[in-house]
Amino acid sequence: MEDVLIRVHRPIQPKNPVLVEGLPGVGNVGKLAADYLREKLPAVPYATIHSKFLPPQVYVNEDGTIRLVSHELTYYRARGPGQRDILLLGGDYQGISPEGQYELADRVLNLAVGLGVREVYTLAGFAQGHLIDTPRVLGAATSSAQVEAMRAFGVVFSKNDPGGGLIGASGLFLGLGRIYGMEGACLMGETSGYFVDPRSAEAVLRVLANVLKIPVDFTDLEEKAREIDRIAQKIHEAEQKPIPAPSGVPREDLGYIG
């Protein structure tokens, strides 16, 4: 098997296309946003990517059949004024090694360039370590012009965030994309980092939808966010309840119980 195997399902001839990447990461923000967008556009399958750089794993479907873990490229043909064709990259995992990260990103970018892509957007989460009621969308971009363009859509560019730079696919697709002559930006939704965060995914997706001028119904994503809120509230309430002392053990001695 090749290190990266790309199986194209159908020929396409996109016009002025843009590449959008949303792979698993912090809070699964990027993956959730990309999966939701693919469903709501709707986008059709274009190519499946298998690789030695993904975990050696298959998923078992409800009917008992299996599926090898993969990345998927789907295609949306522009349907409204001001829209552009979209190549959307999603998948089960990111590459499991630095070499794999580079190789997977490079192969997808090489394919995208051949289809006429000159702009890329990556979707990700930015962990703050605490619950976020109204997540901001932080940004990083390939040029000053892109920074100003994204600011017009409410994206926040901070001197200190992200402090350690962008790690993984969301950064590589921008960095390697510049080598291919692409401009672009990373849209990062603030998230606690504790669990899957549909509210952060919604914030990121609302910005992207405005940038690309695509209508998206957020009803289902909002319901997922409310469900996570209910779970988080129950966890918070449980944490606030005092732990009853075992019979015969003074409360001040609880710290010594293993």
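Residues in segment 168-178 that are within 13 Å of TYR102 (Cα to Cα) and over 13 Å from the mean Cα position of the chain (by Cα): LEU172, LEU174, GLY175, LEU176, GLY177. Please indicate, with yes or no, whether at least one residue in segment 29-44 is part of a strand (DSSP E or B) and either loosely packed, with under 12 Cβ neighbours inside 10 Å or touching a strand residue (DSSP E or B) at 6+ places or on another chain (Cβ under 7 Å) (or both). Yes: one or more hits.
Across segment 198-224, the number of residues qualifying as closer than 24 Å to ARG151 by Cβ and hydroxyl-bearing (Ser, Thr, Tyr) comes to 1.
Kindly evaluate LEU68 against the criterion of being in contact with a strand residue (DSSP E or B) (Cβ under 7 Å, 6 or more places away or on another chain), free of Cβ contacts under 8 Å to residues at least 24 places away in the same chain and under 27 Å from PRO198 (Cα atoms). So LEU68 fits the description; yes. Checked against (1) part of a loop (DSSP other than H, G, I, E, B); (2) farther than 30 Å from GLY129 by Cα; (3) among the hydrophobic types (A, V, I, L, M, F, W, C), ALA47 meets all criteria but (1).
The criterion of at least 2 residues that are at pLDDT 95 or above and within 20 Å of VAL20 (Cβ to Cβ) is met, among helices (runs of 4 or more DSSP H) falling completely within segment 146-247, by 169-179, 198-212.
Does segment 3-11 include one or more residues that are without any contact (Cβ under 8 Å) to a residue 12 or more places away in the chain and under 17 Å from LEU111 (Cβ atoms)? Yes - at least one qualifying residue is present in segment 3-11. Return yes or no: is LEU89 touching a Ser or Thr at 6+ places or on another chain (Cβ under 7 Å) and modelled with pLDDT of 95 or more? Taking the combined requirement at face value, the residue does not satisfy it.
For segment 190-204, indicate whether the set of residues that are surrounded by fewer than 16 Cβ atoms within 10 Å (Cβ to Cβ) and over 14 Å from LEU32 (Cα atoms) is non-empty. Looking through segment 190-204, at least one residue is surrounded by fewer than 16 Cβ atoms within 10 Å (Cβ to Cβ) and over 14 Å from LEU32 (Cα atoms). Give segment 167-183 a look and list any residue that's surrounded by fewer than 24 Cβ atoms within 10 Å (Cβ to Cβ) and either closer than 12 Å to LEU123 by Cβ or of a type in the set (Gly, Ala, Ser) (or both), or say none. If the condition is that a residue be surrounded by fewer than 24 Cβ atoms within 10 Å (Cβ to Cβ) and either closer than 12 Å to LEU123 by Cβ or of a type in the set (Gly, Ala, Ser) (or both), then GLY168, GLY171, GLY175, GLY181 are the ones that fit. Scanning segment 74-90 for residues that are surrounded by fewer than 22 Cβ atoms within 10 Å (Cβ to Cβ) and small (Gly, Ala, Ser) yields ALA78, GLY80, GLY82.
Anything in segment 76-130 that is farther than 15 Å from LEU172 by Cα and either touching a Cys at 6+ places or on another chain (Cβ under 6 Å) or assigned to a helix (DSSP H, G or I) (or both)? List them, or say none. If the condition is that a residue be farther than 15 Å from LEU172 by Cα and either touching a Cys at 6+ places or on another chain (Cβ under 6 Å) or assigned to a helix (DSSP H, G or I) (or both), then LEU111, VAL113, GLY114 are the ones that fit. Within segment 44-62, the set of residues being over 29 Å from GLU99 (Cβ atoms) and modelled with pLDDT of 95 or more comprises just one member, VAL44.
If the requirement is being among the aromatic types (Phe, Trp, Tyr), in contact (Cβ under 8 Å) with a residue 24 or more places away in the chain, surrounded by fewer than 21 Cβ atoms within 10 Å (Cβ to Cβ) and touching an Asp or Glu at 6+ places or on another chain (Cβ under 8 Å), which of these qualifies: TYR59, TYR93, TYR102?
Only one candidate passes the filter, namely TYR59.
The values are calculated or read from the model by the stated rules, or taken from the named source; none is laboratory data. Quick caveat: nothing in here was measured; it's all calculated off a predicted structure. Every residue, glycine as well, gets a Cβ built from its backbone with ideal geometry; the counts of neighbours run over all protein chains shown.
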